[in-house]
1. Hand me the trypsin sites (Lys or Arg not before Pro) from region 136-177 located in a DSSP loop with no more than 10 other Cβ atoms within 10 Å, in residue order please.
2. Take every DSSP beta bridge whose two residues both sit in the chain, then give the antiparallel share in percent to the nearest 5.
3. Once the Cα atoms of helix 201-211 and of the chain are each reduced to a long axis, what angle between those two axes, in degrees from 0 to 90 to the nearest 10, is obtained?
4. List the pairs from Lys221/Lys317; Lys236/Lys305; Lys137/Lys279; Lys238/Lys267 whose alpha-carbon separation is above 29 Å, in the order I gave them.
5. Quick one: what does P(r) look like for region 4-147 with 5 Å bins over all Cα pairs, in whole %?
6. Just rank His171, His289, His46, fewest to most, by other beta-carbon atoms within 10 angstrom.
7. At Ser213 and Val278, where each label point lies 7 Å from the Cα along Cα→Cβ, what is the point-to-point distance in nanometres?
8. Nearest 0.05, what FRET efficiency do Lys236 and Ala56 give at R0 = 51 Å with Cβ-Cβ as r?
Amino acid sequence: MSNLFLVPAVDRRARENFERTVRRPVRLRDLDPLGPGQRRLARAAHGGVRAWGTKAGKKDINVSTWSAMAHGDRALFYFDGLFPVSARVLARERSEEVAERLWGEEGGDTWEYMYLLDEVRQVEIPRLALFACIGYKPTAYTRGFTRVDRDLEATFGSVEQLLEQLSDQGHQLRLAVEAAKAGDQMEAATALDQLDMQLSEDQLRSEINAFASAEKPATRKRLVEQFQRNRKLVAKLKKLYGGKCQYCGFTFLQGNGRPYCEAAHLKPMARREANIDVKDNIFILCPNHHKMLDYGDLRIELDSKRHLMGIAGGKAKRMTNKHIDP
Ligand SMILES: [Zn+2]
């Protein structure tokens with residue numbers, strides 16, 4: 001079972017070190033004092049070996065966290081309000097000598113609890129989206145080096161799968177910010193549509209601020225408003241259809257007594273072909289038909305009489321439609 005470690009690299013020194021030995025590979029000869037097993041893994045690293053380390057910390061707080069690290073674990077770096085980069089843990093070894101070579105020292109101390117990394121990826125994971133998945137409170141702060149104390153494999157299949165899912169959310173948020181910046185409200189709305197974050201307005205604002213820290217306040221404000229509008233519309237449509245799939249009518253009652261359904265959207269290309277406006281681009285579907293829509297087995301379009309049609313397996317079927325004007 002692999003574990004997930006959160007690694008803040010917030011202060012100036014940490015950021016410089018990050019750029020030098022995580023963003024870029026380290027020289028193998030700098031790792032010479034390490035054990036043969038560690039050096040062998042370093043030589044075989046995908047895309048060049050990277051390195052990071054921690055100090056023991058007050059009351060050696062970081063040492064037990066570091067001791068729990070094993071080959072195949074993931075480190076998720078935190079700075080600028082989000083988790084921009086993930087990497088795979090190859091090996092760990094305590095080495096004052098190598099740590100000093102790589103990062104120097106600070107107040108007579110160095111980052112000697114070292115670990116080697118590879119598979120460094122730009123993931124751009126929103127902070128609160130991650131916290132929601134790992135059971136942290138939204139008000140929690142990424143203070144120190146921590147191991148996520150939760151069985152992520154049981155819930156998400158694997159740590160990699162969790163990171164992939166979260167990185168998709170980050171990608172949508174990035175697309176939305178870029179579209180809003182370019183003044184393309186329609187694309188911004190579509191990108192935000194794909195996000196399904198159960199966040200309060202304040203939390204959402206902090207997430208958008210982290211992704212759009214370089215943007216004008218007006219751009220950020222527009223994004224938050226757009227997101228809130230989408231969310232209200234989804235709630236309204238779920239109610240309008242009583243939670244029933246517009247294609248097949250299926251629903252089921254959840255433990256909380258509410259009917260279950262999902263809000264689905266057409267991709268921009270499909271939307272143009274189907275003649276459906278962005279303002280109408282939300283459909284209430286059961287989970288099966290939602291997935292069929294996403295994977296292309298179900299097509300939704302308006303026919304010449306503006307009837308809403310669902311087309312699957314070559315057969316067209318008229319869908320329940322209470323929200324798209326004839
Ligand atoms: Zn259905």
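Each reported figure results from applying straightforward, stated rules to the coordinates on display, with no laboratory input. Only a predicted model underlies this, so the values are computations on that prediction, with no experimental measurement involved. With ideal geometry, Cβ positions are generated from the backbone for all residues, glycine too; neighbour counts draw on all protein chains shown.
1. On the way: sites: Arg143, Arg147, Arg150, Arg174; in loops: Arg143, Arg150.
Passing sites in region 136-177 are Arg143.
2. Values: 36 of 41 bridges.
Beta bridges within the chain, antiparallel portion: roughly 90 percent.
3. The angle comes out near 60 degrees.
4. Details: Lys221/Lys317 41 Å; Lys236/Lys305 25 Å; Lys137/Lys279 34 Å; Lys238/Lys267 20 Å.
Checking Cα-Cα distances, Lys221/Lys317; Lys137/Lys279 exceed 29 Å.
5. 2, 10, 21, 24, 22, 13, 6, 3, 0
6. Details: His171 16, His289 25, His46 10.
Ordered by Cβ neighbours within 10 Å, fewest first: His46, His171, His289.
7. Spacing of the two 7 Å Cα→Cβ label points: 2.8 nm.
8. Numbers: r = 55 Å, r/R0 = 1.07.
For R0 = 51 Å, the calculated efficiency reads 0.40.
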